[in-house]
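Only one structure is covered here, and it is reproduced in the block below.
The values are calculated or read from the model by the stated rules, or taken from the named source; none is laboratory data. Quick caveat, the model's predicted, so the values are computed rather than measured. Backbone-built Cβ (ideal geometry, glycine too); neighbour counts: all protein chains shown.
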Amino acid sequence: MQVTNLYLKNFRCFSEKQLALDNSLVLLQGLNGSGKTSLIEALHYLCYLRSFKTHTPRELVHFGQDSFFIKATIRQSDDALPHELQVGYSGKKRLVKVNQQAVVSYKELMDHYRVVTLTEDDGELIKSGPEARRHFIDQALVLDDPPISQSLRMLKHLVDSRNALLHSGSYNAQSLEIWTHKLWLQTQVIRQARQTLLATLEQEVIRIIASIDPSILVSFSYLPKQLNPEHSFEQFMDSSGRLFQEESRYGRSLFGAHLDDFSIKLQDRTTRQFASRGQQKLVVLLLKIAQVTHLKANRGSVIFLLDDFITDFDDRRALQLLPPLMTLGGQLIFTCPNLGGTLHSQLASMGAQIITLTD
């Protein structure tokens, strides 16, 4: 899978931009403000229909305009016909097309185009709270198995409905138990999917580390909120009297997959508290490489976007990380703020297409 052409109209800093990509290995280089991250953001948006920098599409529109348009040509194999993806945003509405046909589901889109993105903001996986980690694992689940997005939407609906009931203060024990049972069941579905994927990613990270630096030890642990996975629903109800009292007091659900978390440890110590910035970035990169590897095995080729990430590592570590990246088999698109340097020279020696952007 490879992006061969990208066209932007009124997107971020570009009033209009055409980019031809003729390689599976691409380096976009240029000074700050030249638009490198905006190009990565556009490629990311085509897959997820949301930005990694903002939840508001209006903020992606070029200054002084009221709409934007993104179009990309995707080649899935040398002998297959290319696909054309389009996303247009205007008047608070978004229109998505594949080969000029409107798309109504994530599955239709992700059958043709799968992207994993790594940016500076992904450091929040470690530094931020549970919401960032839930967002990562749920986004990874949808990319891996698009129909699970329906289960995630159902989870949100059940949480909202149960919260509304609790907040109203006027409900009976039977109605609360019905909504509690629904949320408990949906939590089991989401939790199982998350735990399975997390365990798979952990094993893949361990495999990658073995080829880089076997002294590194990374582990992930799923952390359920207020639910003992060994308990049946009846046991949960019998043991949660105090929990329900707290929920009545606060008017919201205090258990469920929407509150779960997972821990990331390096050398058996929590990365958030004990790992250096460089170690944190290494763990995040390994996690993303593991995700790409799993997706390739499960669904097919993936495009990996790395926005100014490798350049933060020292030369020794960067040279260690390039080989596992090169074995991923899909298109790799790097950005780099430096004209020259280790990343530039290494990718150039590997035959990369190097594109220099100017202000």
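Just a few scattered comments:
- For the residues SER232, SER240, SER276, the requirement of being surrounded by 14 or more Cβ atoms within 10 Å (Cβ to Cβ), of a type in the set (Ser, Thr, Tyr) and on the phi < 0 side of the Ramachandran plot singles out SER240.
- Residue in the stretch 146-157 that is farthest from the chain's Cα centre (by Cα), counting only those that are surrounded by 14 or more Cβ atoms within 10 Å (Cβ to Cβ), assigned to a helix (DSSP H, G or I) and without any contact (Cβ under 8 Å) to a residue 60 or more places away in the chain: MET154
- Residue within the stretch 7-16 that is within 24 Å of HIS112 (Cα to Cα), touching a residue at least 24 places away in the same chain (Cβ under 8 Å) and in contact with a helix residue (DSSP H, G or I) (Cβ under 6 Å, 6 or more places away or on another chain) present: yes
- Every residue from the stretch 158-174 that is out of contact with any helix residue (DSSP H, G or I) (no Cβ under 7 Å at 6 or more places or on another chain) and part of a helix (DSSP H, G or I): ASP160, ASN163, ALA164, HIS167, SER168, ALA173, GLN174
- Only listed residue being surrounded by fewer than 20 Cβ atoms within 10 Å (Cβ to Cβ), at pLDDT 95 or above and farther than 20 Å from ILE264 by Cβ, chosen from ASN163, ASN172: ASN163
- If the condition is being assigned to a loop (DSSP other than H, G, I, E, B) and surrounded by fewer than 16 Cβ atoms within 10 Å (Cβ to Cβ), then the stretch 338-359 contributes ASN338, LEU339, GLY340, GLY341, MET350, GLY351, THR358, ASP359.
- The residue that is surrounded by the most Cβ atoms within 10 Å (Cβ to Cβ), counting only those in the stretch 102-119 that are more than 13 Å from the chain's Cα centre (by Cα) and closer than 18 Å to PHE136 by Cα, is MET110.
Okay, residues lined up against (1) in contact with a Pro (Cβ under 9 Å, 6 or more places away or on another chain); (2) touching a residue at least 60 places away in the same chain (Cβ under 8 Å):
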site	(1), (2)
LEU243	no, no
GLY251	no, yes
LEU254	no, no
GLN267	no, no
PHE274	no, no
LEU286	yes, yes
GLY300	no, yes
ILE303	no, yes
LEU306	no, yes
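- Of note, LEU332 satisfies the criterion of being closer than 23 Å to ALA20 by Cα and either at pLDDT below 90 or crowded, with 21+ Cβ neighbours inside 10 Å (or both).
- One residue stands out among those in the stretch 201-223 that are closer than 20 Å to LEU322 by Cβ and small (Gly, Ala, Ser): the one that is surrounded by the fewest Cβ atoms within 10 Å (Cβ to Cβ), which is SER215.
- The lone exception for TYR89 - which of (1) under 24 Å from VAL103 (Cα atoms); (2) without any contact (Cβ under 8 Å) to a residue 24 or more places away in the chain; (3) of a type outside the set (A, V, I, L, M); (4) part of a strand (DSSP E or B) it fails: (2)
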